[in-house]
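All remarks here apply to the structure that follows.
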Amino acid sequence: MAWNEPGNGGKDRDPWGNDGKHQGPPDLDKVIRNLSGKLGGLLGGRGAGSGGGGIGSFGVTVALVIALAVWVVSGFYTIGEAQRGVVLRFGKFYQTVEPGLSWKATFIDRVYPVDVETVRSLPASGFMLTRDENLVRVEMDVQYRVIEPRDYLFNVTNADDSLHQALDSALRYVVGHSTMDDVLTVGRERVRQETRELLEQIIEPYQLGLMILDLNFLPARPPEEVKDAFDDAIAAQEDEQRFIREAEAYAREIEPKARGQAQRLLQEAEAYKQQVALRAEGEVARFRELLPQYRNQPELTRQRIYLETMEEIYSKVNKVVVDTPEGNNSLMYLPLDKIMEQQARREAKVDPNVITSDYSNNNVPSGQDSGQLRPGSDRTSIRPTSGRN
């Protein structure tokens, strides 16, 4: 038998109160009222005969419980590791929340997460007029991060936009007080440093909650119409700096050598000075020794000095001319230089007994055939020509 089929003579009814003859759909409102009455009795409320007041009270209670549960659950939120949460209660700052899971009163508190770890970048660029009335395009990039979330959100309308305007103002001021060469080449670091200092001074009164990390001064360039001329000027300046560096390197290289040479010359001069002084002292001492001998035997001493002097002179001369008796036109020549060369070649040979003479009667100079050179022993003699004894 089906569960909703009437039985027992029609006395049994289905849950909706239908008899067996009527099998239509149940009345939904009636079912809800019956269920509410039964639940109200279980909760200690008035019975079904008390009317719809109990049913309404129970529904409100259930709705409030459900709404409260939803409200509590909806208040949970998470703040990222690199973030800080700024909590407003009824539109007024309440607290700053650290990273992690937190709870807020929905519809009462509002939470604004702010990233305080990420390094942000903000560019500024444009054509700017320099102090020497030249137009250049300048680009600068500022890197910063948030250090005070509350100040970042509420002290100004838009902290990022305020920083951009301050950067543009500071950059134009510094470029306007610099020359074009400073902006393009030699003064770029000074321009960057002055711009950073001025930017920090500008944003300090506004308390933006930001910290400037660095400023990147991108390569500045002149207008396209005169770019070629500026490139040539920059190339010339680079060549100038290169030549200066090469000259400095050459100076560093040559200066120690020059100092060494100067020191060596000084030492040589000092040594020569001492040598001359000692030689002079020796000559004086020698003269003092000869003076008593000269006083005792002047003629003999004079002759000895003469012979010593001539010996010293002839030892430095490689040619000797021998005077002949009067009436003889033959001139005797003793080639000491050739004899010395021959002696050197003799010593350089393996067999010292083999002697080769480059001189004969054929290679004696003209006018000097009165003698004949005869090598072959340690002594070299000159044989007179015929007619001389």
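Would segment 70-150 count as rounded, prolate or oblate if I go by the C-alpha gyration tensor, calling it rounded below 1.5 in a/c and otherwise prolate when a/b exceeds b/c, oblate otherwise? Cα axes put segment 70-150 in the prolate bin.
Averaged per residue, segment 210-258 has 73 square angstrom of accessible surface, using a 1.4 angstrom probe with ligands and nucleic acids left out.
Placing a pseudo-label 7 Å from each Cα along the Cα-to-Cβ vector at Tyr272 and Thr78 gives an inter-label distance of 9.4 nm.
Sequence-ordered 3J(HN,Hα) estimates for segment 260-265 from the Karplus curve with 6.51, -1.76 and 1.60 and θ = phi - 60° stand at x, 5, 4, 5, 5, 4 Hz, glycine and proline given as x. The phi torsions of segment 161-174, fed into the Karplus equation with coefficients 6.51, -1.76 and 1.60 and a -60° offset, translate into couplings of 5, 5, 5, 4, 5, 5, 4, 5, 5, 5, 5, 5, 5, 5 Hz, rounded to whole numbers, with Gly and Pro shown as x.
Here the extension length gained between Ile212 and Arg304 equals 23.0 nm, from 0.36 nm per residue of separation less the Cα-Cα distance. If r is the Cβ-Cβ distance from Arg137 to Glu240 and R0 is 22 Å, what FRET efficiency results, to the nearest 0.05? Once the sixth-power term is evaluated, E becomes 0.35.
Potential lengthening of the chain between Glu248 and Phe90 amounts to 49.7 nm, from the contour at 0.36 nm per residue minus the alpha-carbon distance. Translational diffusion of segment 153-192, estimated by Stokes-Einstein from the Kirkwood radius over alpha carbon pairs at 37 °C in a medium of 0.692 mPa s, is 286 µm² per second. With R₀ set to 45 Å, the beta-carbon distance separating Glu347 from Asn296 gives a calculated FRET efficiency near 0.45.
The values are calculated or read from the model by the stated rules, or taken from the named source; none is laboratory data. Computed from a prediction, not measured in an experiment: that's the story for all the values here. Backbone-built Cβ (ideal geometry, glycine too); neighbour counts: all protein chains shown. Side chains are part of the model used for accessible areas, which takes the heavy atoms of the whole protein and leaves out ligands, DNA and RNA. Shrake-Rupley method; radii C 1.70, N 1.55, O 1.52, S 1.80 Å.
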